[in-house]
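The block underneath contains the structure these notes are about, expressed in structure tokens.
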Amino acid sequence: MNLRTFLIHGSMELPVIQNPDAPDANPSAIGCMTTNTFEPSRRLPPWLKREVPKGNENRFTSGILDELRLETVCENAKCPNRMECYAQKTATFMILGNVCTRPCGFCAVQRGKPDELELDEPSRVAEAAYRLGLKHVVITSVTRDDLPDGGGDHFYQCVIAVREKTGATIEVLTPDFVRHKHGLDRVIESAPEVFNHNMETVPRLYRKVRGPKSEYNWTLELLSYIKRKNPSIKTKSGLMLGLGETRDELMDCLADLRRHDCDFLTLGQYLQPGPKYLPVERYVPPEEFEELRLLAKGMGFRKVASGPFVRSSYHAKEMADA
């Protein structure tokens, strides 16, 4: 009996949860034993509406980023948590420019031919982290298939610069380096406390969501490879829900991540950033996210963040402190 089978049929019993307020709620699409594809739901449910944070901290954070000419995934990917995070004087730095070489179906980041690398970017990221007083710094990037090392050395330089300037713990959220393993080695050499690479979705939807160059098995191998190279690095991955995955498919993915020794997990609601992107097939209610959190914890993940607004680096410091 594999890990996933044990969790569904073993001693842990969780109720089938249905939110009667969810539009198009379908009992067959909710709960532990679901095998059907999620039902579409087009109206934005009430749990996905948020108040705008008050105060001047938002402008303070934006001002530093503008002054230092820095990109964030918060802005470029239209993250729903941007104003909350900025109000807390934190942001996820996006290096290697703001143009991606991958045409992912879910991501709002601009795609096309990237600009040349800015060699002073590591020092600017470090300065911003210092001015914001960050104790845990998250660095992500666009995918740069055009670079000989996929941008691995630039990641290395940013991690070292931030560490020397601030003494903060560091989390990297990287592309897959699928053709640039030497670039991956360079990032590992910088020894970030947390190495995050997102699975994003289930194997059946992988090419549709992540594009033709991404490989599900390589995502898993990448996480294992990091552990083999430096066992002290905590690995992390995340998935977006609501793209049409089934419960069985999702649980198989989580079992795969645990078999490859993934420490931390994030689960969040996919939100369509614009009309040309993949549609939302289903809005997952908060109760179901909590159910999934309990299941994932039972599978052995050290820390699980699961909720409609959870994103890869949302409250990352709390997870890294675990």
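Summarising the overall dimensions of the range 225-322 from its C-alpha atoms, the Rg and Dmax are 13.9, 42 angstrom.
For K213, a cut-off of 15 angstrom between C-alpha atoms picks up these aspartates and glutamates, skipping any fewer than 8 places away in its own chain: D145, D146, D176, E200.
For the peptides 268-276, 232-240, what is the packing order when you average, over each peptide's residues, the other Cβ atoms within 10 Å and list the highest mean first?
The densest-packed peptide leads the list: 232-240, 268-276.
Taking the empirical scaling 2.2 N^0.38 Å for compact globular proteins as reference, the range 84-210 has a Cα radius of gyration ratio of 1.05. Taking amide H positions as modeled 1.01 Å from N, with prolines and chain starts lacking one, the residues under 5 Å from T235 and 5 or more places away or on another chain are F195, D263, F264. Rg of the Cα atoms in the range 161-285, relative to 2.2 N^0.38 Å, amounts to 1.13. Checked against a 18 Å cut-off, the cross-linked pairs K181/K227; K135/K317; K229/K303; K236/K297 give Cα-Cα distances beyond that limit for K229/K303. Spatial offset of the range 221-261 relative to the range 157-179 amounts to 20 Å, using the alpha carbon center of each.
Values in this text are rule-based calculations from the coordinates and carry no lab data. Note that the structure is a prediction, hence the values are computed from the model and not measured. Every residue, glycine as well, gets a Cβ built from its backbone with ideal geometry; the counts of neighbours run over all protein chains shown.
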